[in-house]
1. Is it the case that Ile454 is of a type in the set (A, V, I, L, M), touching a helix residue (DSSP H, G or I) at 6+ places or on another chain (Cβ under 9 Å) and under 13 Å from Asn370 (Cα atoms)?
2. Only one of these conditions is not met by Ile319: (1) within 28 Å of Asn367 (Cα to Cα); (2) in contact with a Gly (Cβ under 8 Å, 6 or more places away or on another chain). Which number is it?
3. Taking Asp213 and the conditions (1) part of a helix (DSSP H, G or I); (2) open to solvent by 30 Å² or more (accessible area, probe 1.4 Å); (3) acidic (Asp, Glu), which numbered condition does it fall short on, given that it satisfies the others?
4. Residue by residue through the stretch 473-484, note down the ones that are crowded, with 18+ Cβ neighbours inside 10 Å and over 13 Å from Met518 (Cβ atoms).
5. Please count how many residues of the stretch 382-396 are surrounded by fewer than 17 Cβ atoms within 10 Å (Cβ to Cβ) and either without any contact (Cβ under 8 Å) to a residue 24 or more places away in the chain or under 22 Å from Gly684 (Cα atoms) (or both).
6. Would you tally the residues in the stretch 280-315 being without any contact (Cβ under 8 Å) to a residue 40 or more places away in the chain and either of a type in the set (Phe, Trp, Tyr) or touching a Cys at 6+ places or on another chain (Cβ under 6 Å) (or both)?
7. Determine whether the stretch 279-294 contains at least one residue that is open to solvent by less than 30 Å² (accessible area, probe 1.4 Å), aliphatic (A, V, I, L, M) and not in a strand (DSSP E or B).
8. Conditions first: (1) of a type outside the set (A, V, I, L, M); (2) at pLDDT 95 or above; (3) open to solvent by less than 20 Å² (accessible area, probe 1.4 Å); (4) under 25 Å from the mean Cα position of the chain (by Cα). Pro455 passes all but one, so which condition is the exception?
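The values are calculated or read from the model by the stated rules, or taken from the named source; none is laboratory data. Bear in mind the structure is a predicted one, so any value in this text is a computation, not a measurement. Cβ coordinates were reconstructed from backbone atoms using ideal geometry, including for glycine residues, and neighbour counts include every protein chain displayed. Side chains included, ligands, DNA and RNA excluded: accessible areas come from the protein's heavy atoms. Shrake-Rupley method; radii C 1.70, N 1.55, O 1.52, S 1.80 Å.
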Amino acid sequence: MMVSNTTHKLCSEKKPNRSNLKKVSVKKFKLLLLLLTVLNVTQSCENSNDKMVKILEARYKMYNVKKNAFATEAEVAYYDSIIKSSDDGFFKLSNELYKGDALLKLGREAESVAMIESALAKMRAMGGKDSPESLKLLAIAYMRLAEKQNCVNYHNAESCLMPIQKKGIHTIQQGSQKAIEVYKKLLDIDPNDYESRWLLNIAYMTLGGYPTDVPKKWLIPNLNKDNSAYTIKPFTDVATNLGIKSRNMSGGVILEDFNNDNYLDIITSNWSLDGPMHYYQNNTKGGFTDNSKISELGRFTGGLNMIQADYDNDGDVDIFVLRGAWMHQYGRQPNSLLRNNGNGTFTDVTTKSGLYSEFPTQTGAWNDFNNDGYLDLFIGNESSVGESYPCELFMNNQDGTFKNVAHAAKCDVKSYVKGVTSSDYDNDGDIDLFLSGMNKRKILLKNTGVKNGIPHFIDATDQAGLAGINALTFPTWFWDYDNDGWQDIFVCGYKFEGSISGNIAKEELGIANDGSKMYLYHNNHDGTFSDVSKAAGLNRSVFSMGANFGDIDNDGFLDMYLGTGNPDYKSLAPNKLFRNMGDGQFADVTVSGRVGNLQKGHGVAFNDLDNDGNTDIFIEVGGAYKGDAFNNSLYLNPGQNDNRWIKLQLEGTDSNRSAIGAKIKVSFKENGVSRSVFRIVNSGGSFGASALRREIGIGQATIIDQIEIIWPKNQKKQVFKNIPPNQCIKIIEGEKNFSKVNIKRTVFPTTGAKSSICI
């Protein structure tokens, strides 16, 4: 039986003193029983956290085996055992090379370099030759050693930002110098080795030698320029200045107000089952306080992604953690529903809520799929050959519990799902689904209506004209990129030939390649979509994992930031920022914006964290191996212009309290021309979660003529007129007037973190 909302609140209360209870008179016997109930509930709440922690610890031990490609400690131990039991010879030396690779994944770069160098020298002495594979292993080991000695150990705001310049240039240069020697050998062996060519250019860049010192025949030109003529003012990475100092592996991020003080907090996760979550609470004074321990969130490990919502309509935003992605049978890890107790702590209610399952996943979506005023949860699971993990649709029972109805709703899809997005794409009042993944067929599920409280879906992919996305894809979202009032679809390809670095090199050199592209599908207003990727300037390979969107210059058009990468250390591709030009095209402004981190980019969120009216970008940075952990980045927006804005904090009463799915239309005149901007309340992309508070740019408008809200439960409309810009307002469903939310601007320290425009 699910504990009620009131009972859950008791979880935050201090335990009663047993010695005092003994002194209570008989007349207060009823009070004693009440207090004992509180005690029992408190212990129950604590045990639910303990229980999930123990489950996660057990799964970590169970899956820390050599067959798990990401269990690096087990891999090192495995090769140690082979080496110790082998006679001297090529077999033993080959396993020393493998161990060197495993040490690299574990973050023991110096040992890795020494072991690989030693093994190669012994092989040559025995008459063997260096193979390209062994040379590539040596070269990347040197590159990683250089990164550890410079970018990691002496991290600054310029570290690994492409193009690497000024404080980003390595002080300890031997690692990159050695890597350059090896990459030259590799290119002499195979001039068409584009992976080595790309990494050679990057190695020269770390030494301050790009482009002048790069041999002309191997030069990839213009890596220090945007490939568009448009530039923006540079962002500044201020994460470490604000107390956000954890070094994570890959994971998710949520920006949200978790303590209801109107200031946005930051929560991150770490995909490893021994990697903890972090809760950075906004101190409202220009920084963040690490409340991971006192909130209990620091006890929970794992989770490549997270999504937030007030699932029980109690006014506190809760968290759902998604675990097990990419690991197939070793991804049989439980997800977690972490209930916000409203006092700075969280309680795991996964089992009590009925959400416990152990399917590998990283993607899901909160929405009210049956329009009953409570949020439901769709989870996209990763099925593959020989492993069937159907997608799940958990309907909210309105009492804190859920029921999986995916089969009855006809959305129990069996596919390798990597991205899920939900919205009402056909404006019929019902929430639909789009699934992206490692199967070539993408899936659009149209909600045809509710029967007996259960939504029913049909596969509308072919009918909608989306069957042509014949590629492996990853992050995706619904958005209205052109402000016509209809939700369009963005999905990013994740198929590459050979290596991501090789594909990126070919892209930069204008050489045809088989890598999948970015795909933008425009909503035709009739249930169909048209591929406008080429016209939008987005038919390029980016290989994004984490990604999201927001308006960086308050012009009313949504821009996007894509975190790129791959577990392979040789996959070094800059994260990408694209500005929406407002005419259907997007411009790559990564270089001028100074946000092109070469480290692995995962969860992304867009929000104005310092309350100056300009949208900032947070990205969780780090790879799949322990040796690939890196500092997260918070890119502070300097303000691109003097455009105006409005922030909307919506609260549902009849609809779900988070107002997820609410449709917003902001109308105004800019320079005498009437315009409208359309937004939907959600957390944005499928990997990384922005706050549910809407931040809407209105260009040069001096007054907002009208704000129109269509609430999701019953499609009722509310209209507010003549609203001054540059303020945050709260709108409650059904109330005639809005209220102003008083949020002061905070100053984030940038000393020692200054970035600059690259020339």
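1. Details: of a type in the set (A, V, I, L, M): yes; touching a helix residue (DSSP H, G or I) at 6+ places or on another chain (Cβ under 9 Å): yes; under 13 Å from Asn370 (Cα atoms): yes.
So Ile454 passes the test.
2. (2)
3. So Asp213 meets the others, but not (1).
4. Of all residues in the stretch 473-484, those crowded, with 18+ Cβ neighbours inside 10 Å come to 473-483.
Across the stretch 473-484, the qualifying residues are Phe478, Trp479, Asp480, Asp482, Asn483.
5. Going through the stretch 382-396 one residue at a time, the tally reaches 2.
6. Looking only at that region, the number is 1.
7. Looking for residues that are open to solvent by less than 30 Å² (accessible area, probe 1.4 Å), aliphatic (A, V, I, L, M) and not in a strand (DSSP E or B), one finds none in the stretch 279-294, hence no.
8. The single condition Pro455 does not satisfy is (4).
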